[in-house]
Every structure is written in C-alpha cells, then in structure tokens.
Amino acid sequence: MIKVKKVSFCLIMLLATISCHKQTQNLSESEVITKEPMVKLLESMTLEEKIGQMTQYNGFWDSTGPAPKDGDAKEKYDHLRSGRVGSMLNVSGVKEVRKLQEIAVNETRLGIPIIFGLDVIHGHKTLAPIPLAEVASWDLEAIEQSARMGAEEASARGINWTFAPMVDISRDARWGRVMEGAGEDPYLGSLVGQARVRGFQGTDLSKNNTIAATAKHFAGYGFAESGRDYNAADVGTVTLFNTILPPFKACVDENVATVMNAFNTLNGIPATGDEYLQRDILKGEWGFEGFIISDWGSGAEMIAHGFAKDLEHAAILAANAGSDMDMESYAFVKHLATAVDSGKVDMKHIDDSVLRILKIKEALGLFEDPYRYCDTEREKTIPYHKDHATLVRNMAKKSIVLLKNNEEILPLSKDQKNIVVIGDLAQEKTSPLGSWRIGSDDGTAISVLEGFEEKGVKYKYKSGPALISQPASFINEVKINSDDRSGFDAAVKAAKKADVVVMVLGEHGFQSGEGRSRTDLGFPGLQQELLEAVKAVNDQIVLVVMSGRPLVLTWAEENVPAIVQAWQLGTESGNAIADVLFGDYNPSGKLPMTFPRDVGQVPIYYNKLNTGRPGPSDLVFWSHYIDESNDPLYPFGYGLSYTEFKYTAMKAVATGKQVEVEVTVANVGERSGEEVVQLYIQDKVASVSRPIKELKGFQKIVLNAGESKVVRFTLDEEDLGFFNTRGEFVFESGEFAFMVGPNSTDLTTAIIELK
Ligand code: NOJ
C-alpha cells in the first residue's frame, strides 16, 4: 500500500515534468499521457531492474503461507523482493495474487506492479468447448463472447493476462495441439484469432474484467514435422507468408497486447532466437507495439537445438532477436546483465523491451491500481455452472458437427423406447473438459448420461470396458486400457435388445493438447472392437465421437447410420449433446479441419496445390495412393443439418478488380436451421502455383423451413492477391474461379477473367 502511494507520487511528479516538457517539445496530448511516464520510469531503472521486468517466473510457493527459507523458491522470493521479477504465471486466486503484488509494490525500490499470466484457453472456471470445437461453430460473435467469459472469470481471480489465442495453423491431426487452434485455414483462423483477442481484451484494457491476450506461437509451431510436438518445422516463404503468418498479423491489427514465440525451429532457427521473425517482421514491418514473451524455457532450449552454446549465449541470442520476456528459462535473470556489460547485447534492445512491457502494464491500469484485479467480492461472484452455463451450453451446441444421418435416424424422440447408451465416455465428467483447464475442477462437466436425464429421457447404460487404466493427469501420459475387457459382453448383450444404441466413443481429454501427439487416429483401446461387436447385433447405432482432433472414422462412416462429432465440449458437454440428439437444437457446425480416411494421408488439407499429375488415370503414374483414395473422409467446411439447404442461381460479376458473388440458399426441409455459406476462390494461373481452393468468405445464416435468402460476397484485390516467393503481396490479373457451397467440396463454380 505504502508503495502504491510512492508510485503514484512518482507518476504525479513525472506528469508535472512532462507538462513543462510539452511546451518545449511539441508533443501531442496522447504521447504525453500514454508514453512519457513509462519513459521516465525506464530512465530511473537500474540494469538489474530492467532485466527484472524481462523475467517471468512460474508461481513458486504458496504465497499465502510462510515464505520458504531455502532452495529455488527462496531464491525466486528474493528476486521478487529485489525487483528482478516483472511477471508471474500460474498464480491465481485473489488472495495469492494480492500477496505477491504487495511484495512487488511495497518491497521493491520502484514498486512496479507485476503482470500475472495464465493459460485461459477456453474459459477458466466454467469451460467452453475446446478452441478447435468452437471454431466448428463458424460463429465469430459466439467465439468472442466465449473468450469474454474466460476473461471475466480469470480477471476476477486476479489474472490480467492470458496466453491465448493460439493461432497456429495446422494440417496434421497427429499433432495434439490442434485442439487449441482454429484448424487448417488461415482466413478462418485470422478471423477467429481476432474475435478471441476482442473477447479477452475488450475495448478498454484497463477495465478490471478485461485481460491482455497473446497470439501464439510465433511461428510455425503447427507445422511440426510428423505432427510430433516440439519438432522442427521446415516451410518455404510462400507457406510462411500465406498460411502461417496471416492469423498473427490479424491479431496484431486487432491490437493484441503480446505475442508468444515458439519452442520449434523454423527453417533451422529456433523461434526464440529468430531476429527475422521477431524484429524484422513482427516489430518492424507489422509495427507490433506490445511485447514478446518466450514460451516456457524456450530460451534455454536453444542449447538443445544446437543454436546456443550455453545459457548466456541463449540470453544474448534471445534478447538480440527481440524476445522481450523470458518465461522460466532463467537466461535473462542470470546472464543478461553480463551480456550488456560486455557489449554483446545493446542497451537499446533492453530499453525497448522494458518500455514495451511497462506500457502493457500501464494499459492494464496496474500503475493506477496494482490491485485492480484483486477484488475479493468480485471473485465471489464468479459463477460456477450458473450464469455462464447458458453461454457455454450454446457455444457447445453450435460446435457439434453432424457427420452422418442416414434415414434420418436423428433426432431421436424423447419418448423413444429402449435406448441403450454404451461407452465409458458417456459417464465422463472430466474428460469432456479437455486438457487445458487450469482454473477448473475435475468432475465438473455434465456427462452425456446427465444430459439425457435433464431431458427426462429413459435409457439403459452399459459402459463397456474402461477407456483408461489409470487416472489421467495433465502431466503424465494417458494409460489406455487395452486388455481389461470387463463390461464388454454386457454392453453387447444390452445392445442386442435395444431399439437404438447411442455409442459414446473417442479420445480421453488428456489425449490431445501439449505433448500429446498420436500416430494412430483411431479410437483408442477396445472401443473399435466394441463398436464392431455392437454393430454385429444391432444396426441402429448413433455414434457420438468425443475427441480433441479429427479421428479416422472410416469404418464408422461405412457401417453406422448416424455420426455426431462432439469434441470435448466443456462444462455443459452432456446437455449440449442431448440438445442435438433429441432435436432441441438443429446442428449447424462445420469442420474446421479435414477428417482423413486414413492416418497415412496426413497432413491432409483442402487448400492444397495441384500436382502436375492430378489424375485419375488408368496407369499408376499419377499422384495417388495405391491403397487408399486421395479424398478425405469429411472435407473442411463439412457438416449436416436436420434440414436441407439448396444452393441455386450462383453468379459472379466483376467490376474492375472487385468481384461480387451471390447465391440463393433455400431451406427445403421441414425445420428451421442455420447454414454456413462458404466462398472459395482459385487463382488459376499465377507466378506462384496457387491452392486449388482458398476460403475467402463465409456467412452463417438462419432460414426457416421453406425460406430462402440471397447471400452476397464482395472480394477485392486484397482477397485475390497472395504473397510471392519474396514475401511480397501481389495481385496478378487473369482467370479466377469463384466457388460457393455448403463445404469445401460441394461447390458451384463461376470463372471470371480479371484484368
Ligand atoms: C507451454 C505452452 O506451449 C504455451 O502455449 C503455454 O502458454 C505455456 N506453456 C505456459 O503455460
């Protein structure tokens, strides 16, 4: 408290000095108010204090208990006291945050407040669907609201900074972190990234319910070779500029406060030490004014990458490359001062980093009130399964994708006799929460069974064999049950007598996420065997798939009449699934990633280049597999509804370089429904071979039964151009295809020559 006064007094003095300054230097009002105090503060800092601002520590002890007297925690505690820590992560709860903030504010020389970061990925206490699932809604407003809810809850628990959104484009379902991103498309990914930044940051970062966002991981993390997490990424300029960078640029345009660099090497350079990416592109060309946080220990990992010879070298490389804050690798705190003294890191780099960090703290209002996010009364109001339940239930319903519905087996009637529910996941109250859920508690998801009960639906339940053989956790490998067949026969027996079998199968929530790559994209454990055994006794199967990534569902597609992709849908999971299965919500989700027929096709994505031998041909000499089709099982943008939409009267008209595309969409079914109308283009001939399709627009519309609507899109040079091999954005005139439809495959095309 005492130090708050000291800081405020300092700031008053600074502002007084500035007003004199203003007359002599002709500074604008906004420059004076937003920049100058932080510059003055910077000037008053020692090198050690500056490096402190560039250092982030993980929560190091229960701050509400006694401070440790020895060991690592003791050292961190001493560093906190001496102003050598600018930020902390993984501390939450008002009591704990306040305690640490009080040390920073009251016990350090300058009293600079700490910024507290946490992974608020898809909610905090109340969980929305995993980010990839949310994208299946193609509902930017809903996605923004979901991030807003996460910010509301986390900020009430003392947090003012989230490490989200993850905007890594990925085409590889083996990579466990696809669950955290927006899928494979840079256009959709950019809009979703912006919606999430808006949701977290709001319009005023200094409000106590908005938090700073982070666009991560800059860059190329989603292109990890073989889909193996942390692996090297090797991509050419054209892919880098057209596919990987656009969502980051979009977030910068949306004023994202921070960017996190990545663990991986990109074309041989570890992202944390990549000057071209961080200084030239992000801070240079794009004019990013926030700061760059490293990923956890990524500075030190440059040693294992064979890029830095030791931790001091890592500190030098990271600071020179433009990494502003070091998360938990101790490189800056241990070695940056020596590096500056010896001239290996220029003081101007340090000053630039510190100023960026101070300005974000200032924007968050922390200098005005370091305890802005520490209101115990507000913390008590954060609901758990209450006010936010409706919001996440709506989000969850919209995220579900209906993949198959033969003979309209769905929706089921609530009076349906003899429903048998099978599958261990149907009773799960933890797995549907996913793997990024640091602020929530185990066992807090509504299970599928509870969702059925809420609707008063009568059912019999047989779990079948257990999915996992040991309790799963965030830090350990999930142990899948592959040999204990208890419950298998009982499930098959019950299925035999059922009128309809609802099978809930998939991955455990801890099978996707960080460090959770897979080579097999089938159902883990005994589930496929169980599905086949049930099918042998009963055809009437509704398969509900829970997963954090696209799975291979080829057998199911060929053998099961109805398939519902239900991801990991968060707190209200079971209620949302029941809403869809029993027709209280007409599914409208569309896939944000291609679902392969076989893992051997991966990476598979819709916006691919043509080969010189696209085929098909009678001889073998065309680009194909001899044992599997090239086609996906379900394409990007695909998803069914309980009603039917018809597309007619598509036309594209050019006026100069602007193109208007329109199409009439009619609901020709018997229920009201929502449709995501998608627009793709192809630049037919260009100086760089262009993808066969690229999403360039979409609109989610609601149509009552029998209703129709004309949907219009306008495209200009910016939509039609691309980045060439030198990373320059160009528009090249010539022939373009414009394609409209309900997914990336079923499209109506118009071709236009643009001058
Ligand atoms: C490592 C992850 O890669 C990153 O996304 C996350 O924000 C940090 N850990 C902090 O938890």
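Could you tell me which of the residues D584, D579, D598 is charged (D, E, K, R) and within 18 Å of S146 (Cβ to Cβ)? Steps first, please.
Working: D584 fails: within 18 Å of S146 (Cβ to Cβ); D598 fails: within 18 Å of S146 (Cβ to Cβ).
Answer to the check: D579.
Does at least one position in the range 493-505 carry a residue that is under 26 Å from the mean Cα position of the chain (by Cα), in contact (Cβ under 8 Å) with a residue 60 or more places away in the chain and open to solvent by less than 20 Å² (accessible area, probe 1.4 Å)? Among the residues of the range 493-505, at least one is under 26 Å from the mean Cα position of the chain (by Cα), in contact (Cβ under 8 Å) with a residue 60 or more places away in the chain and open to solvent by less than 20 Å² (accessible area, probe 1.4 Å), which makes the answer yes. When you look at V167, is it within 14 Å of the ligand (Cβ to nearest atom) and either of a type in the set (D, E) or at pLDDT 95 or above (or both), yes or no? The answer is yes for V167.
Every residue, every condition in (1) among the basic types (K, R); (2) within 15 Å of the ligand (Cβ to nearest atom); (3) in contact (Cβ under 8 Å) with a residue 24 or more places away in the chain, yes or no:
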| site | (1), (2), (3) |
| --- | --- |
| A128 | no, no, yes |
| A136 | no, no, yes |
| L140 | no, no, yes |
| R148 | yes, no, yes |
| W161 | no, yes, yes |
| D172 | no, no, yes |
| V178 | no, yes, yes |
| G181 | no, yes, yes |
| D185 | no, no, yes |
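Those helices (runs of 4 or more DSSP H) of the range 510-605 in which 1 or more residues are farther than 20 Å from L467 by Cα and open to solvent by less than 10 Å² (accessible area, probe 1.4 Å) occupy 573-581. For the range 225-247, the candidate set comprises residues that are surrounded by fewer than 24 Cβ atoms within 10 Å (Cβ to Cβ) and small (G, A, S); within that set, the residue that is farthest from the ligand (Cβ to nearest atom) is G236. When every residue of the range 462-474 is checked against the conditions, at least one turns out to be under 25 Å from Q511 (Cβ atoms) and more than 34 Å from the chain's Cα centre (by Cα). Evaluate the following for L754: is it of a type outside the set (V, I, T) and buried (at least 19 other Cβ atoms within 10 Å of the Cβ)? Answer is no for this residue.
A quick yes/no check of all residues on (1) touching a helix residue (DSSP H, G or I) at 6+ places or on another chain (Cβ under 8 Å); (2) more than 18 Å from A224 (Cα to Cα); (3) within 16 Å of the ligand (Cβ to nearest atom); (4) free of Cβ contacts under 8 Å to residues at least 40 places away in the same chain:
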{"position": "K249", "(1), (2), (3), (4)": "yes, yes, no, no"}
{"position": "V259", "(1), (2), (3), (4)": "yes, yes, yes, no"}
{"position": "L266", "(1), (2), (3), (4)": "yes, no, yes, no"}
{"position": "I269", "(1), (2), (3), (4)": "yes, no, no, yes"}
{"position": "R279", "(1), (2), (3), (4)": "yes, yes, no, no"}
{"position": "L282", "(1), (2), (3), (4)": "yes, yes, no, no"}
{"position": "F288", "(1), (2), (3), (4)": "yes, yes, no, yes"}
{"position": "A300", "(1), (2), (3), (4)": "yes, yes, yes, yes"}
{"position": "D310", "(1), (2), (3), (4)": "yes, yes, no, yes"}
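A count restricted to the range 711-740 and to residues that are touching a residue at least 60 places away in the same chain (Cβ under 8 Å) and closer than 22 Å to S641 by Cα stands at 2. Pairing each residue of the range 528-544 that is touching a residue at least 60 places away in the same chain (Cβ under 8 Å) with any residue that is open to solvent by 50 Å² or more (accessible area, probe 1.4 Å), provided the two are 6+ apart or on different chains, yields C-beta distances under 8 Å for Q540/D499.
What do you reckon, is G656 at pLDDT below 95, more than 30 Å from the chain's Cα centre (by Cα) and of a type outside the set (A, V, I, L, M)? Quick ask: steps written out before the conclusion?
Numbers: at pLDDT below 95: yes; more than 30 Å from the chain's Cα centre (by Cα): yes; of a type outside the set (A, V, I, L, M): yes.
Judged against the criteria, G656 is a match.
Report yes if some residue within the range 465-475 is in contact with a Phe, Trp or Tyr (Cβ under 6 Å, 6 or more places away or on another chain), touching a residue at least 60 places away in the same chain (Cβ under 8 Å), in a loop (DSSP other than H, G, I, E, B) and over 30 Å from V135 (Cβ atoms); otherwise report no. Checked against the condition, which is being in contact with a Phe, Trp or Tyr (Cβ under 6 Å, 6 or more places away or on another chain), touching a residue at least 60 places away in the same chain (Cβ under 8 Å), in a loop (DSSP other than H, G, I, E, B) and over 30 Å from V135 (Cβ atoms), the range 465-475 yields at least one hit.
I'd like the full set of residues that are touching an Asp or Glu at 6+ places or on another chain (Cβ under 8 Å) and assigned to a helix (DSSP H, G or I), limited to the range 297-313.
Taking the range 297-313 as the starting set, the residues that turn out to be touching an Asp or Glu at 6+ places or on another chain (Cβ under 8 Å) are 297, 299, 303.
If the condition is that a residue be touching an Asp or Glu at 6+ places or on another chain (Cβ under 8 Å) and assigned to a helix (DSSP H, G or I), then I303 is the only one that fits.
In this structure, S672 qualifies as touching a residue at least 60 places away in the same chain (Cβ under 8 Å) and surrounded by fewer than 18 Cβ atoms within 10 Å (Cβ to Cβ). Considering only the range 444-459, I want to know if a residue exists there that is in contact (Cβ under 8 Å) with a residue 12 or more places away in the chain, assigned to a helix (DSSP H, G or I), open to solvent by less than 20 Å² (accessible area, probe 1.4 Å) and within 30 Å of R98 (Cβ to Cβ). No, the range 444-459 contains no residue that is in contact (Cβ under 8 Å) with a residue 12 or more places away in the chain, assigned to a helix (DSSP H, G or I), open to solvent by less than 20 Å² (accessible area, probe 1.4 Å) and within 30 Å of R98 (Cβ to Cβ). Here is a check on your reading of the model: is T643 assigned to a loop (DSSP other than H, G, I, E, B) and touching a residue at least 24 places away in the same chain (Cβ under 8 Å)? In short, yes. Can T214 be described as touching a residue at least 12 places away in the same chain (Cβ under 8 Å), within 14 Å of the ligand (Cβ to nearest atom) and either acidic (D, E) or outside the structural domain of R516 (by TED's automatic domain parsing) (or both)? It is true that T214 is touching a residue at least 12 places away in the same chain (Cβ under 8 Å), within 14 Å of the ligand (Cβ to nearest atom) and either acidic (D, E) or outside the structural domain of R516 (by TED's automatic domain parsing) (or both). Might you check whether a residue that is at pLDDT below 95 and of a type in the set (F, W, Y) occurs anywhere in the range 111-118? There is no residue in the range 111-118 that is at pLDDT below 95 and of a type in the set (F, W, Y). Under the condition of being part of a loop (DSSP other than H, G, I, E, B), in contact with a Ser or Thr (Cβ under 9 Å, 6 or more places away or on another chain) and open to solvent by less than 10 Å² (accessible area, probe 1.4 Å), the residues counted in the range 275-296 number 2.
Against the definition (at pLDDT 95 or above and in the same structural domain as I121 (by TED's automatic domain parsing)), how does G65 come out, yes or no?
Working: at pLDDT 95 or above: no; in the same structural domain as I121 (by TED's automatic domain parsing): yes.
Answer is no for this residue.
Pairs linking a residue in the range 422-433 that is open to solvent by 10 Å² or more (accessible area, probe 1.4 Å) to a residue that is polar (S, T, N, Q), with Cβ atoms under 6 Å and 6 or more positions apart or on different chains, are D424/S463; Q427/S447; E428/S447; K429/S447.
The values are calculated or read from the model by the stated rules, or taken from the named source; none is laboratory data. Predicted, not measured: the structure shown is a model, and the values here were computed from it. Positions of Cβ are generated from backbone atoms using ideal geometry, with glycine treated the same way; all protein chains shown enter the neighbour counts. Ligands, DNA and RNA are stripped out before the accessible areas are found, and what is left, the full protein with its side chains, is counted by its heavy atoms. Shrake-Rupley method; radii C 1.70, N 1.55, O 1.52, S 1.80 Å.
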